[in-house]
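Taking it in order: structure first as structure tokens, then the write-up.
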Amino acid sequence: MNEPTITCPNCKSEIKLTESLAAPLIEATRLQFEHTIAEKEAQIAKREAAVCEQKATIEKQEKQLTKWSRRTQGRARKDHCRGG
């Protein structure tokens, strides 16, 4: 199996990535990904909270609209029965 290599940006020579050389690069990459994932998860949680808040607002408005609609229909029936 071929060992992974990197190319030196200055002299362009191939450098074999032994475990001791690769470990700091792997750790730095892992930390960067963990940070990115944590940021994304925080953004998602914020969006989910906003959606839940909007849903609650919509449900409250639907209840108010249903009450208003029932009152309006009740008034219309009373007026109709009175001959008005």
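One line per residue, one yes/no per condition, for (1) among the hydrophobic types (A, V, I, L, M, F, W, C); (2) assigned to a loop (DSSP other than H, G, I, E, B):
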| residue | (1), (2) |
| --- | --- |
| Asn2 | no, yes |
| Glu27 | no, no |
| Ala42 | yes, no |
| Gln54 | no, no |
| Lys60 | no, no |
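Out of (1) at pLDDT below 90; (2) surrounded by 10 or more Cβ atoms within 10 Å (Cβ to Cβ), the odd one out for Pro24 is which?
Single failed check for Pro24: (2).
The values are calculated or read from the model by the stated rules, or taken from the named source; none is laboratory data. Note that the structure is predicted; figures quoted are calculated from it, not measured. All Cβ positions, glycine included, derive from the backbone under ideal geometry; neighbour counts span all protein chains shown.
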